[in-house]
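**Student:** Okay, handing you the structure first.
The values are calculated or read from the model by the stated rules, or taken from the named source; none is laboratory data. All of these numbers come straight from a predicted model, not from anything done at the bench. Glycine gets a Cβ as well: all are built from the backbone with ideal geometry, and neighbour counts include every protein chain shown.
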Amino acid sequence: MKERVRAVLVTADETMLVIRRTKPDIPQYWVLPGGGVEPSDESREAALHREIHEEIAGKADIVRLLHTMESDDERQLFYLARIATWSFEDRTGPEFSAEGRGEYALEEIPLTVEGLEGIDLKPEEIAHILRGAISAGTLAPFSH
């Protein structure tokens, strides 16, 4: 079974980093940074650190596993993480130079229900989980 890891990256300003995807003939949508776990990764967390480095040249502190989604052929693990530094211009992921993959744009959105409702975050299940966690106040076990 293929495993993917993604991060809800919370900034010091209580915003969340998301990637806006623009592809021909498809309405734009947003995804959380992350990607596939490779055989060479020591752990899921190591895979997430590698993906965050590749996609946004960032370094994050993983707080905890937030949610797991499973289908017949794929498991996606969503982690809650704090991020202090990143540089979208310095990203190195192979997907960014692949022909026909469309555009990737890093955006900061408010970590609020309204912020989430302003974008089409995929998959819908994680958007739903995040809206519920924000409403319940369970996303904020951070100490500054």
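**Student:** Take the residues in segment 16-53 that are of a type in the set (A, V, I, L, M, F, W, C) and assigned to a loop (DSSP other than H, G, I, E, B), then tell me which one is surrounded by the most Cβ atoms within 10 Å (Cβ to Cβ). Quick ask: steps written out before the conclusion?
**Tutor:** Pass one, segment 16-53, residues of a type in the set (A, V, I, L, M, F, W, C): 16-19, 26, 30-32, 37, 46-48, 52.
From what's left, assigned to a loop (DSSP other than H, G, I, E, B): 32, 37.
On the way: Leu32: 23, Val37: 21.
Per the criteria, the residue is Leu32.
**Student:** Next question, about the same structure. Could you look through segment 117-144, keep only residues that are among the hydrophobic types (A, V, I, L, M, F, W, C) and under 13 Å from Glu14 (Cβ atoms), and pick out the one that is modelled with the lowest pLDDT? Reasoning before the result, please.
**Tutor:** Keep residues of segment 117-144 that are among the hydrophobic types (A, V, I, L, M, F, W, C), which gives 119, 121, 126-127, 129-130, 133-134, 136, 139-140, 142.
Filter once more, keeping what is under 13 Å from Glu14 (Cβ atoms): 134, 139-140, 142.
On the way: Ile134: 94, Leu139: 82, Ala140: 65, Phe142: 50.
By that ranking, first place goes to Phe142.
**Student:** Hey, can you tell me all the residues within segment 27-62 that are of a type in the set (A, V, I, L, M) and touching a residue at least 60 places away in the same chain (Cβ under 8 Å)?
**Tutor:** If we filter segment 27-62 for residues that are of a type in the set (A, V, I, L, M), which is where we start, we get 31-32, 37, 46-48, 52, 56-57, 60, 62.
Residues satisfying the conditions are Val31, Leu32.
**Student:** Would you check which residues across segment 97-132 are within 14 Å of the chain's Cα centre (by Cα), free of Cβ contacts under 8 Å to residues at least 60 places away in the same chain and in a loop (DSSP other than H, G, I, E, B) and list them?
**Tutor:** Pro123 - this is the single residue of segment 97-132 that is within 14 Å of the chain's Cα centre (by Cα), free of Cβ contacts under 8 Å to residues at least 60 places away in the same chain and in a loop (DSSP other than H, G, I, E, B).
**Student:** Only one of (1) closer than 17 Å to Ile109 by Cβ; (2) touching an Asp or Glu at 6+ places or on another chain (Cβ under 7 Å); (3) of a type in the set (D, E, K, R); (4) surrounded by fewer than 16 Cβ atoms within 10 Å (Cβ to Cβ) fails for Lys2. Which number is that?
**Tutor:** If we test Lys2 against (1) closer than 17 Å to Ile109 by Cβ; (2) touching an Asp or Glu at 6+ places or on another chain (Cβ under 7 Å); (3) of a type in the set (D, E, K, R); (4) surrounded by fewer than 16 Cβ atoms within 10 Å (Cβ to Cβ), just (1) comes out false.
**Student:** Here is a follow-up. Which of the residues belonging to segment 117-134 are aliphatic (A, V, I, L, M) and out of contact with any strand residue (DSSP E or B) (no Cβ under 7 Å at 6 or more places or on another chain)? Steps first, answer last, please.
**Tutor:** To start, the set of residues in segment 117-134 that are aliphatic (A, V, I, L, M) comprises 119, 121, 126-127, 129-130, 133-134.
Across segment 117-134, the qualifying residues are Ala133, Ile134.
**Student:** Quick test of your reading of the structure: Ile56 fulfils all but one of (1) at pLDDT below 95; (2) surrounded by fewer than 18 Cβ atoms within 10 Å (Cβ to Cβ). Name the failing condition by number.
**Tutor:** That leaves (2) as the condition not met.
**Student:** Would you call Thr68 among the β-branched types (Val, Ile, Thr), surrounded by fewer than 21 Cβ atoms within 10 Å (Cβ to Cβ) and at pLDDT below 95? I'd like the intermediate steps shown before the answer.
**Tutor:** Numbers: among the β-branched types (Val, Ile, Thr): yes; surrounded by fewer than 21 Cβ atoms within 10 Å (Cβ to Cβ): yes; at pLDDT below 95: no.
No: the conditions fail for Thr68.
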